[in-house]
Amino acid sequence: MKMADILNGDPIIMENITSGIANAGGFEYTWRYMTTNYTRFQIATYGSALLHLMSYILIASPSIIFRYIPFMDRFKIQQKPLSGANEMKCFQLLLLNQLIIHVPFYLGAHFYCELANLPFSYETMPPWYVTLAQCFGCLVIEDTWHYFSHRLLHHKSIYKYVHKVHHTWQAPHGMVAECVHPIETILLGVGNMWGVLFFGTHFILLWAWMFVRLLEVIDVHSGYNVPLNPLHLFPFYGGAKFHDFHHMNLKGNYAPTFIWWDKIFGTDIQYKEYYRLKKEQEEAKKQK
Ligand SMILES: [Zn+2]
Ligand SMILES: [Zn+2]
């Protein structure tokens with residue numbers, strides 16, 4: 001259905017929309033309401049920016065709240081105290097990246113939607129399991145891009161100019177996920193786009209992928225290795241313990257999501273050795 005038809009106020013079309021919305025429930029109602037009342041431009045730009053911001057705060061909140069719950073200390077990976085100055089730097093970087101990188105990125109997302117003629121309607125939306133499988137494909141592609149780009153960012157001739165900013169936090173927490181130099185936001189952001197360009201058949205993938213990616217990147221920076229984390233249902237998922245080691249050690253474990261690239265190139269050797277020795281020490285303590 002074209003937006004022009006809706007705006008012309010054709011009574012039959014308007015009645016169909018109204019009855020469609022009235023009969024729908026939950027997600028369907030919200031989606032139909034949104035696509036009826038807002039333009040594609042508004043949804044792709046303002047809608048995406050709002051969803052990103054809200055999802056970021058929502059997903060990062062538990063790891064912030066956990067700090068005030070003594071019971072959760074047993075799941076904390078590193079016991080380093082937080083610095084107030086670092087917290088302020090993180091907040092400033094998040095704001096800067098939102099303004100100079102994310103806003104133009106969402107404008108680009110709108111142009112892509114128009115160029116690819118990506119449908120927005122509820123009727124053309126693929127089933128949830130197709131979108132979930134597409135998100136998994138996006139994760140695999142992004143993880144590959146990120147692994148090699150991340151190794152490049154650690155090259156001694158460029159490390160101090162860009163990636164050092166992200167390594168301000170040796171013991172990360174959820175909010176640190178996007179606390180990176182703007183150049184890094186662009187370089188790693190490119191990896192988020194390949195999957196959409198490859199699998200994109202509906203606008204829903206942009207939002208579903210954005211949410212899945214935030215869920216993953218905030219989880220690996222949470223600083224907590226909480227049991228029964230559903231993200232570990234993804235095969236070969238590294239998780240917080242895996243990425244936390246990268247922040248602590250500054251070397252190895254370069255992939256953000258899966259463990260296979262580090263396994264193939266042997267960049268997880270120090271990580272395995274560290275936990276082998278830690279386990280040995282704990283067993284020796286128990287025997288005393
Ligand atoms: Zn790094
Ligand atoms: Zn990190």
Worksheet item: To the nearest 10 degrees, how steep is helix 84-97 against the longest Cα principal axis of the chain, on a 0 to 90 scale?
Response: 30
Practice prompt. Kindly express, to the nearest 10 degrees and within the range 0 to 90, the angle between helix 11-23's C-alpha long axis and the longest C-alpha principal axis of the chain.
Written response: 40
Practice prompt. Using per-residue counts of other Cβ atoms within 10 Å, averaged over each peptide, order 101-111, 70-80, 249-259, 170-180 from highest down.
Written response: 170-180, 249-259, 101-111, 70-80
Item to complete: Name the shape class, rounded, prolate or oblate, that the alpha-carbon gyration tensor gives for the chain, where a ≥ b ≥ c are the square roots of its eigenvalues, rounded holds for a/c under 1.5, and otherwise prolate holds if a/b is larger than b/c and oblate otherwise.
Response: prolate
Item to complete: Give the peptides 151-160, 276-285 in descending order of average Cβ contacts within 10 Å, highest first.
Response: 151-160, 276-285
Fill in: Two-site label geometry, Met34 and Leu132: point separation in nm, points 7 Å out along Cα→Cβ
1.9
Fill in: Across Lys80/Lys263; Lys251/Lys278; Lys76/Lys278; Lys89/Lys272; Lys241/Lys285, pairs whose alpha-carbon gap is larger than 25 Å
Lys80/Lys263; Lys89/Lys272
Fill in: Rounded to 10°, Cα long-axis angle of helix 239-249 versus longest principal axis of the chain
50
Worksheet item: Can you give the Rg to Rh ratio of segment 26-72, both from alpha-carbon atoms, with Rh computed by the Kirkwood formula?
Response: 1.24
Fill in: Low-density loop cleavage sites - GluC sites (Glu not before Pro) in segment 86-176, where at most 12 other Cβ are within 10 Å (DSSP)
Glu123
Item to complete: Per DSSP H run of n ≥ 4, the term is -39500 (n - 2.57); total these for the chain, divide by its residue number, and report the mean residue ellipticity at 222 nm rounded to 500 deg cm²/dmol.
Response: -19500 deg cm²/dmol
Worksheet entry | Leu115-Leu277 FRET efficiency (beta carbon distance; Förster radius 51 Å; 0.05 resolution) | 0.45
Worksheet entry | Most mobile listed residue (Phe199, Phe211, Phe234) in the chain, GNM with C-alpha springs under 10 Å | Phe234
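Coordinate-derived values only; no laboratory data. Since this is a predicted model, take the numbers as computed values, not measurements. Don't worry about glycine lacking a Cβ; one is built from the backbone with ideal geometry, like all the others, and counts go over all protein chains shown.
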